[in-house]
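Have a look at the structure below before the remarks.
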Amino acid sequence: MPSTRDRALAAAVRLVGEQGVRALTHARVDAAAALPRGSTSNWFRTRDALVAGVVAWIADQERGDLTEGLARVSTVDDLVDAIATLLEDATGRHAARTRARYALFLETTATPNRQPSLRVERSRFETQVRDIMLSLRATDPELATTTLFAVSAGLIVNRLTIAPDAPIRPAIELVIGAMFPGQ
């Protein structure tokens, strides 16, 4: 059984992912999580604290997905499979979480003090992917990592907004193939 805190965070992510950032209030989170009034504010005293908690929770969930997805990567084909699966999940079964992440990213651009935590989280993801690029001997691991993140973000936005059935794998094969010529 998830803790009260985890129930609140999961509900907050659903609210933001389905209704937008304006839906993120302590009272709405309590209601969505079926918690007594005031429960969410016990964990997160201010809205800023709630936003920070949600951002960290999303990052933890996504880091777990990334770690699990990359654990079996030992070839370039494995990398294509892993990234395609991760992006399909991000725009399918985890679409609300992904929409919440993007909404919160945009929300926090107006609040510079929140940006450092987002950069730290992004850096952790990049390190995991860069390590894979290094182990598979990408031509330029740094550029490969940056490019893969940019293309992935574009594919995610495309699928979440205008083309929910757009194929992911062909684009990922093309991009990763360019990173590993001759493999």
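The values are calculated or read from the model by the stated rules, or taken from the named source; none is laboratory data. From a predicted model like this one, the values you see are computed outputs, not experimental measurements. Please note: Cβ atoms are built from the backbone with ideal geometry, for glycine as well, and neighbour counts cover all protein chains shown.
Details
- Complete set of residues in segment 41-94 that are over 22 Å from Arg14 (Cβ atoms), of a type outside the set (Gly, Ala, Ser) and touching a residue at least 12 places away in the same chain (Cβ under 8 Å): Thr67, Leu70, Val73, Thr75, Val76, Leu79, Val80, Ile83, Thr85
- One residue alone among Glu121, Glu126 is at pLDDT below 90 and among the acidic types (Asp, Glu), and that residue is Glu121.
- When Arg101, Arg137, Arg130 are checked against the criterion of being over 13 Å from the mean Cα position of the chain (by Cα), part of a helix (DSSP H, G or I) and among the basic types (Lys, Arg), Arg130 stands alone in meeting it.
- Residue check, Leu118 more than 24 Å from Thr85 (Cβ to Cβ) and surrounded by 13 or more Cβ atoms within 10 Å (Cβ to Cβ): yes
- Among the candidates Asp77, Asp81, Asp30, Asp6, residue that is touching a Pro at 6+ places or on another chain (Cβ under 8 Å) and of a type in the set (Asp, Glu): Asp30
- Helices (runs of 4 or more DSSP H) contained entirely in segment 1-92, each with at least 3 residues that are within 20 Å of the chain's Cα centre (by Cα), of a type outside the set (A, V, I, L, M) and farther than 20 Å from Leu155 by Cβ: 4-19, 47-70
- Members of segment 7-40 that are touching a residue at least 40 places away in the same chain (Cβ under 8 Å) and of a type outside the set (A, V, I, L, M): Arg14, Gly17, Glu18, Gly20
- Tally of residues being crowded, with 20+ Cβ neighbours inside 10 Å and closer than 23 Å to Arg122 by Cβ across segment 1-42: 6
- For beta carbons closer than 8 Å, sequence separation of 6+ or different chains, a first residue in segment 147-165 that is assigned to a helix (DSSP H, G or I) and a second that is polar (S, T, N, Q), the qualifying pairs are Leu155/Thr91; Ile156/Thr91; Ile156/Thr98; Arg159/Thr91; Leu160/Thr91; Leu160/Thr98.
- All positions within segment 43-74 that are buried (at least 17 other Cβ atoms within 10 Å of the Cβ), of a type in the set (A, V, I, L, M, F, W, C) and closer than 19 Å to Val16 by Cβ: Trp43, Phe44, Leu50, Val51, Ala52, Val54, Val55, Trp57, Ile58, Ala59
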